[in-house]
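The numbers here are math on the coordinates, done by the rules we state, and not lab data. A quick note: this is a predicted structure, and the numbers were derived from the prediction, not measured. Ideal geometry is used to build each Cβ from the backbone, glycine not excepted, and the neighbour counts take in all protein chains shown.
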Amino acid sequence: MAPSLISAISRWRKADRAQLQLDALLVAANAEAPLFSRNAWLVELGFWLRRDKARFAGASDDRDQPRSSARLRYLLQVLERNAELRQNVAATLQSIFRDLDSVSLLCDTGVPQHASFWSELRERVVLRLIPATPNTREWGTLLTQLFPARRDLIWMQSIDAGTWQRACALFDAKVQAPPATEADGDIVNSMRFLVTQVRASALSSAIRSRMDVVDFAQSPFLPLERALDALLQGDAAEGADEGRHAQRLNVFRGLIEACRRAALEVFDHLEDNGVSIDIEFRVEGILARLGRLELLLEVWLRHQVAAESQRVLVELVRTHQASLSIADLWRQSFARLARKVVDRSAKTGEHYITRNGAEYRAMLLAAAGGGLLTAITVYMKFFITSAHLPRLFESLLSSLNYAASFVVLQLLGLTLATKQPAMTAPALAARIDHLGGPGGMDAFVEETVNLLRSQAVAVFGNVALVVPGCMALEWLANAALGTTLITPAKAQATIASFSIVGPTPLYAAMTGVLLWMSSLIAGWADNWFVYRRIGDVIAHHRRLRLVLGERRAAAWAAYWRAHIMGFAGNISLGFLLGMTPFLGDLIALPLEVRHVTLSAGGIASAVAVLGSDVLSTRAFWYAVLGVLSMAILNVAVSFALAFQLALRSRNLTARERRQVYGSVLRTVVRRPQNLIVIPRARLRQPG
């Protein structure tokens, strides 16, 4: 059994590299075979062309060319030396192009065919899981097999004009040759289909209502079809006037450009009124079809299909490969939403960055107040766990405890250090837009140092007050009630659970991910609030206006507009922290959260119960190191994830991102003290 399985695996691996020899491929060409057999033959021929083998005799000019180009030249040389083989291959190729739908190749290939992002995503996932079959009449399915990799575009573009003309000559051979006007007819039909699709998409209410067109009758999409008909009919008429033809052409091109501007206006509307990925996806489809329409128009105007075929085929393959990529779809569709979420987070994160002594002191006081309030949260968590409720109810109560605490922090203007990085990173990344200006990089690095110092002082303020706060609560309870709020066994277990020797660093990093996720939820909620015009709903709600009055209803709407992001982030963070252990139980994974402020309070409570003798134990100092790792990992992971998203929303290349990281690292290494204290020159600057 085992040898047979190993042999089968070996044959499977070798099958990926297996190929027919060229002579066998050329002999197998048969224009009378069923379409699926001819398609399979073409796929095998493409596989032979793509193989990275040694150079061939007779193809000596390929030193700087991809080897696939050398193989194509070798193939053409073989066919040119054997008229019978050339005739069979030409007939087979022409029969394939005749039986496949050329309009679908020119009109649909590489252009989104679904009305919504989620439908397109499902289709791409299915296409990724199910291999393509040669038994098809669709060019898209065949292109998937002929050009499966991005590198195929390189060798297609590298083919010189002479070689390409020799390859195109196979389709001009006098073997079942199509009429001379057939290619032009396919291009014309494709342009008609594209215009119809563009009009249908652009005139839908979801798109039309977001364009800055005051009078619907003035929409540039309405006369687009008439302009194309006028252009085509004028060109077909005998003795057509060249001046009128040029005028019709300019009108049609002007309408295409006007349609593109109108479509781009939808993006501007989304920027101001909230982003919708479905609407964005549909607009991208309109722009893609307009681009394809311009490409086909240029080919049709030149009446030289063979000369333009290389550029057209490269564009078709490029867009087709992009239309199969799940990553490209995700990145393209979520780019604006990510940037909008980042920009909204940046506005919130600005006030978390300290740049002078007054802001530094204000941050320290806000963090100290946050630490003091967190002490109450710690004991509420102890009370919930000591009740020994079912795991689900315990997790729900813990989530409500955290969420209520974080919301109160927000309303009182206090600070929880670990919430800051996911908000301040977008604020920092927003300054990347000015990197190219004079002193842009220096200003960015300085702001980075300001941000990191703000995180340090916030963590210090939280821990500095949560520790005495928890100890004070324990001592007051002992004095008033004659007993401790937590048992000695619970105190020892608490210290042991925070030990750095164990999964604590892993849990701390995971908590950083949860902190980042809460910032995404906050940004999404803010975008949803704007997109759905919830502020207007509140301000103009009939019953609210009757109960509160117009001014108070408007003020209530403004209040929610100002605080929706904070409420969404705080409540979602509370539930992420509280429900993660329960979700871990559901999937049989021991998941826990390790939050630096909450954990520091837990250790302080344990010390208050166990007494000062615990300070001399190894377990205590392991727990202290564990809390230190939480401070680093909570902040670092959430900041890194938010900063990466912010950088990508700015479309920086990998090289530009490395330059940014390098500049920050060099500054930190040269002046590490600035990460903790404000330089004396700015210490007394006013706020």
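Taking the mean number of other Cβ atoms within 10 Å as a proxy for protection, how do you rank 603-610, 199-206 from highest to lowest?
603-610, 199-206
When a/c is below 1.5 the answer is rounded, else prolate if a/b is larger than b/c, else oblate, so apply that to region 487-575 with a ≥ b ≥ c taken from the square roots of the Cα gyration tensor eigenvalues.
Here region 487-575 falls in the prolate category.
Expressed as a whole number of Å, what is the distance separating the alpha-carbon centroids of region 597-671 and region 370-388?
With region 370-388 and region 597-671 each reduced to a Cα centre, they are spaced 23 Å.
Once R0 is set to 56 Å, what does the formula 1/(1 + (r/R0)^6) return for the Cβ-Cβ distance between ARG331 and ALA24, expressed as a FRET efficiency to the nearest 0.05?
0.85
Which order do peptides 138-146, 463-471 fall in by mean Cβ count within 10 Å, highest first?
Packing order, densest peptide first, comes out as 463-471, 138-146.
Would you work out if region 353-683 is rounded, prolate or oblate? Take a ≥ b ≥ c from the square roots of the eigenvalues of the alpha-carbon gyration tensor; rounded if a/c is under 1.5, else prolate when a/b is larger than b/c, oblate otherwise.
In terms of gyration-tensor shape, oblate.
Distance in nm between label sites at ARG545 and GLU446, each 7 Å beyond Cα in the beta-carbon direction?
For ARG545 paired with GLU446, the spin-label model returns 5.0 nm.
Residue separation times 0.36 nm, minus the C-alpha to C-alpha distance between ARG253 and ASP268: what's the value?
Extra length from ARG253 to ASP268 when fully extended: 3.1 nm.
Between region 493-550 and region 136-158, how far is it from one alpha carbon centroid to the other, in angstrom?
45
Based on the Cβ-Cβ distance from ILE587 to ALA464, what FRET efficiency comes out when R0 is 25 Å, to the nearest 0.05?
0.10
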